[in-house]
Each structure stands twice: as C-alpha cells, then as structure tokens.
1. Would you point out which residue out of Q71, Q31 is in a helix (DSSP H, G or I) and touching a residue at least 24 places away in the same chain (Cβ under 8 Å)?
2. Going through Q31, Q71, Q67 one at a time, which residue ends up being among the polar types (S, T, N, Q) and touching a Ser or Thr at 6+ places or on another chain (Cβ under 9 Å)?
3. Could you please find all residues in the range 83-97 being without any contact (Cβ under 8 Å) to a residue 40 or more places away in the chain, open to solvent by less than 30 Å² (accessible area, probe 1.4 Å) and within 15 Å of the chain's Cα centre (by Cα)?
4. Within the range 53-97, can you find the residues that are among the acidic types (D, E) and over 27 Å from K4 (Cα atoms)?
5. Being at pLDDT 95 or above and among the charged types (D, E, K, R), is that true of even one residue in the range 67-85?
6. Considering only the range 144-164, I want to know if a residue exists there that is at pLDDT below 85 and either part of a helix (DSSP H, G or I) or in contact with a Cys (Cβ under 6 Å, 6 or more places away or on another chain) (or both).
7. Going by the conditions given, is L112 in a helix (DSSP H, G or I), modelled with pLDDT of 90 or more and either of a type outside the set (V, I, T) or surrounded by fewer than 21 Cβ atoms within 10 Å (Cβ to Cβ) (or both)?
Amino acid sequence: MKAKLKVLILDDEYPARKELRYHLEQYDYIQIVGEATNAEEALELIRAVDYSVVFLDIDMPGKNGLQLGEQLKSSPKPPAIVYVTAYNNYALDAFAVNAVDYLLKPIDPDRLTKALDKVNQVFFRQQNTEVPQQPEPQIAKPSKQPLEMIPVEHNGKILLINETEIIY
C-alpha cells in the first residue's frame, strides 16, 4: 500500500472547508485527517499529528495564514503548505514562507490537481517512495444541449415557456 498524504484544512468559513474537502476526496492518496477554523486550532492539530500538507486560508481572525506559515516554516519537520484564498495579492508573501502552491477560490479542479502534483513531488521524494499516479478526477461537465422549455414565474405560477418564444 502506498503512503497517503495526511491533510489538514484550515479555513474560518465552513462552506470553504466543505468545498475543499469535496475536491480533495476525489483523490485516493489523500487522507483528510483534520479541519481547523483558526491558526491556534491548527497549531494544536499539527503538534498532535504529522501532517503531510496543510491547506491554509490567508484572511482569518487572529493570526492569519501567512503568520502561521512563517511559524510552520521554522518547525523541525514542516508540512507542505498550499494556500487557498480569495485574494491574489498575497502570492509573493505566500512563496516567501515556502508555500508549495497558491490556489484562488473558488477552487478550479484542474489547478488543484496541479497543486497536488507539486505536493506529491515534494512529499514522496522526501519519503523515498513512489509518486502515485492518480487519474484526474472525473467531474461532471454541464450539458451543452439546449433547453427546450424554461420555467418562468408569472402571477405566482410557474409556466414552462419554449425557449424559441423568448425575445428578451
């Protein structure tokens, strides 16, 4: 059995953690071991478990993700850091604390795959184990077929209108 990446997700917003968890669960070599809502919780979890990678938000109350990244950088065996944030203006600061990658919200599955490839290269080479070859997750693509009938509210009722009848 190949080694799995032990993952910690740190974000103060539940929907963001839930979205990242959903995406990460598509990879069989990922084991989500913990979630934290702030830097102090994350530090406690990191002290208790040997995480391979930490997915960090930047903008959080109290200590932000960059400050935590700086603190983790100086630990004896730091986990890989991937920042996941809505702000693109912190990328240089993130790489200054040795971040492996920097993802913008909402998460693009293709970008996440590339970030995980980078994490794999770092982690599995350090462990002297084979880098797992994971097929890209199959994510349902929206149908390109045109709708024939579109639901429209009119006087408190839902009517189905043929799309060819819509002018504006």
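The values are calculated or read from the model by the stated rules, or taken from the named source; none is laboratory data. Just so we're clear, the structure is a prediction, and the values are computed from it rather than from any experiment. Note that each Cβ is placed from the backbone with ideal geometry, even for glycine, and that neighbours are counted across all protein chains shown. Protein only, heavy atoms only, side chains kept; ligands, DNA and RNA dropped before computing areas. Shrake-Rupley method; radii C 1.70, N 1.55, O 1.52, S 1.80 Å.
1. Working: Q31 fails: in a helix (DSSP H, G or I).
Result of the check over Q71, Q31: Q71.
2. One residue alone meets the criteria, Q31.
3. Here is the first cut: in the range 83-97, the ones without any contact (Cβ under 8 Å) to a residue 40 or more places away in the chain are 83, 85-97.
Pick out the ones that are also open to solvent by less than 30 Å² (accessible area, probe 1.4 Å) and you get 83, 85, 91, 94, 97.
Answer for the range 83-97, where residues must be without any contact (Cβ under 8 Å) to a residue 40 or more places away in the chain, open to solvent by less than 30 Å² (accessible area, probe 1.4 Å) and within 15 Å of the chain's Cα centre (by Cα): Y83, T85.
4. Those that are among the acidic types (D, E) and over 27 Å from K4 (Cα atoms): D59, D93.
5. Within the range 67-85 (the criterion being at pLDDT 95 or above and among the charged types (D, E, K, R)), the answer is no, since none of the residues qualifies.
6. Pass one, the range 144-164, residues at pLDDT below 85: 144-164.
Then drop every residue that is not either part of a helix (DSSP H, G or I) or in contact with a Cys (Cβ under 6 Å, 6 or more places away or on another chain) (or both), which leaves 163-164.
Scanning the range 144-164, I find at least one residue that is at pLDDT below 85 and either part of a helix (DSSP H, G or I) or in contact with a Cys (Cβ under 6 Å, 6 or more places away or on another chain) (or both), so the answer is yes.
7. For L112, the condition - in a helix (DSSP H, G or I), modelled with pLDDT of 90 or more and either of a type outside the set (V, I, T) or surrounded by fewer than 21 Cβ atoms within 10 Å (Cβ to Cβ) (or both) - is met.
Results for (1) in contact with a helix residue (DSSP H, G or I) (Cβ under 7 Å, 6 or more places away or on another chain); (2) within 13 Å of P78 (Cα to Cα); (3) open to solvent by 10 Å² or more (accessible area, probe 1.4 Å), shown as yes or no for each residue.
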position	(1), (2), (3)
L24	no, no, no
Q31	no, no, yes
N38	no, no, yes
V49	no, yes, yes
V53	yes, yes, no
I58	yes, no, no
